[in-house]
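Below is one structure, written out as structure tokens; the observations come after it.
The values are calculated or read from the model by the stated rules, or taken from the named source; none is laboratory data. Source: prediction; values computed, not measured. Here Cβ is always computed from backbone atoms with ideal geometry, including for glycine, and neighbour counts include all displayed protein chains. Only protein heavy atoms, including side chains, enter the accessible area calculation; ligands, DNA and RNA are left aside. Shrake-Rupley method; radii C 1.70, N 1.55, O 1.52, S 1.80 Å.
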Amino acid sequence: MSPILSKITISPDKTLRDALELINSQALQVALVTDHNQHLLGVITDGDIRRGLLNNLSLDAIVTQVMNTNPRTAAPSTSKKKLLQLMQQHSILSIPLVKDNILVGLETLKSAQQQTHYANPVLIMAGGFGTRLKPLTDRCPKPMLKVGDKPLLEIALFNFIQAGFTNFYISTHYMPEQIQQHFGDGSQWNINITYVHEDTPLGTGGAVGLLPESIPQLPTIVMNGDILTKVDFQLLLKFHDDNNADATMCVREYDYQIPYGVISGTGSRITGMIEKPIQRFFVNAGIYVISQEIIKSVAANTYIDMPTLLEQKIADDGHVLMFPIHEYWLDIGQMDDFKQAQADICAIGFEQ
């Protein structure tokens, strides 16, 4: 148990007096009742103690007589945004974080409201031609096509900014001047934008070889510039860091239904039949976290796709993980996708 948690936990045989002293000695305004195995048994606030006294309990009564045995809890992987929504919705000041019935943390309203800032670089690949979206891309790079009233790339940037990221790198090739003129150095959003230009297309991974040596030596998020998503980038980075990964790839579950009955057999003998079975796969979602070691392995102006880069790391016994995403995600590769994005932008509730 962390030192902070140990200061706000109390055993079930303690008295209201003990709980009151603990609450008054800390700034978190709560006492968490746990057993010797750190199972969360209940939560006590000063309001619970006050109600107990009004019901003629003495300060020598044990805490189990007033504690809330069914407190609102959350998993440690819950995003700060969701925790903040829960606390505001239920008018509570804190939420215990529980995993496998074990108390592992506490999120407070004050800490959830504070913006976390990340120095990790974010590389958005925005150099593609957008051939499948012609004629829209004849005079406009695909990331600058408007979804709603904002360019797709601006929506992506704003999602990262909302999550606390400030160091951005944008790879360009096709009509780079439109992107640079619109975003400049990022100062209008209080962020830093550096452009890396591909003289010739370098694939989905080659742009990392153009990143300057001066970038923060931290895991770097890389994302295709034609993706509309509400992925929780904070949780993605936390997952990568917590697992000491060399690289993490976001994946989506993809279902494909075979339109025929599938027959299995031995020789000419049929042993089974499945009518129109559904096959499920994980597919690449075009969002990655990669280590500085991987970035440094790509020489400048080298053509390589990101999956190939990760396959090389896997072959070298690297720790390459996948991060399944369930949030909204749309790869805008074709005209139907672009039309879908226009319909989704308001319904999904992207903040702009």
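Can we say Asn24 is surrounded by fewer than 18 Cβ atoms within 10 Å (Cβ to Cβ), among the polar types (S, T, N, Q) and either assigned to a loop (DSSP other than H, G, I, E, B) or touching a Lys or Arg at 6+ places or on another chain (Cβ under 6 Å) (or both)?
So Asn24 fails the test.
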Checklist entry - Can you tell me which residues in segment 313-342 are in a loop (DSSP other than H, G, I, E, B) and under 21 Å from Tyr254 (Cα atoms)? => result Ile325, His326, Glu327, Tyr328, Ile332, Gly333, Gln334
Next on the checklist: Just checking, does segment 55-77 include any residue being open to solvent by 50 Å² or more (accessible area, probe 1.4 Å), at pLDDT below 90 and in a helix (DSSP H, G or I)?
Outcome noted: no
Checklist entry - Is there any pair linking a residue in segment 223-249 that is more than 20 Å from Gln162 (Cα to Cα) to one that is among the charged types (D, E, K, R), with Cβ under 8 Å and at least six apart or on different chains, and which? => result Asp246/Glu293; Asp246/Lys313; Ala247/Lys313
Checklist entry - Got at least one residue in segment 172-194 being of a type outside the set (A, V, I, L, M), touching a Gly at 6+ places or on another chain (Cβ under 7 Å) and within 20 Å of Leu330 (Cα to Cα)? => result no
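Restricting to segment 27-54, count the residues that are assigned to a loop (DSSP other than H, G, I, E, B) and modelled with pLDDT of 85 or more.
6
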Checklist outcome for this item: The condition from (1) in contact with a strand residue (DSSP E or B) (Cβ under 8 Å, 6 or more places away or on another chain); (2) assigned to a loop (DSSP other than H, G, I, E, B) that Ile345 misses is numbered (2)
Next on the checklist: So if I check each of Thr108, Thr137, which one is over 30 Å from Pro201 (Cβ atoms), among the polar types (S, T, N, Q) and buried (at least 18 other Cβ atoms within 10 Å of the Cβ)?
Outcome noted: Thr108
Item to check | Contacts under 6 angstrom Cβ, first residue in segment 278-302 being of a type in the set (Ser, Thr, Tyr), partner surrounded by 18 or more Cβ atoms within 10 Å (Cβ to Cβ) and in a helix (DSSP H, G or I), 6 or more apart | outcome: Thr302/Gly206; Thr302/Gly209
Checklist entry - What is the one condition in (1) more than 30 Å from Phe165 (Cβ to Cβ); (2) within 30 Å of the chain's Cα centre (by Cα); (3) open to solvent by less than 90 Å² (accessible area, probe 1.4 Å) that Gln29 does not satisfy? => result (3)
Checklist entry - Looking at (1) modelled with pLDDT of 95 or more; (2) more than 30 Å from Lys134 (Cβ to Cβ), can you tell me which one Ile179 breaks? => result (2)
Item to check | Whichever residue in segment 32-44 is without any contact (Cβ under 8 Å) to a residue 40 or more places away in the chain and open to solvent by 30 Å² or more (accessible area, probe 1.4 Å) and, among such residues, is nearest to Met87 (Cα to Cα) | outcome: Leu41
Checklist entry - Which of the residues spanning segment 1-21 are more than 30 Å from the chain's Cα centre (by Cα), open to solvent by less than 60 Å² (accessible area, probe 1.4 Å) and not hydroxyl-bearing (Ser, Thr, Tyr)? => result Ile10, Pro12, Leu16, Asp18, Ala19, Leu20
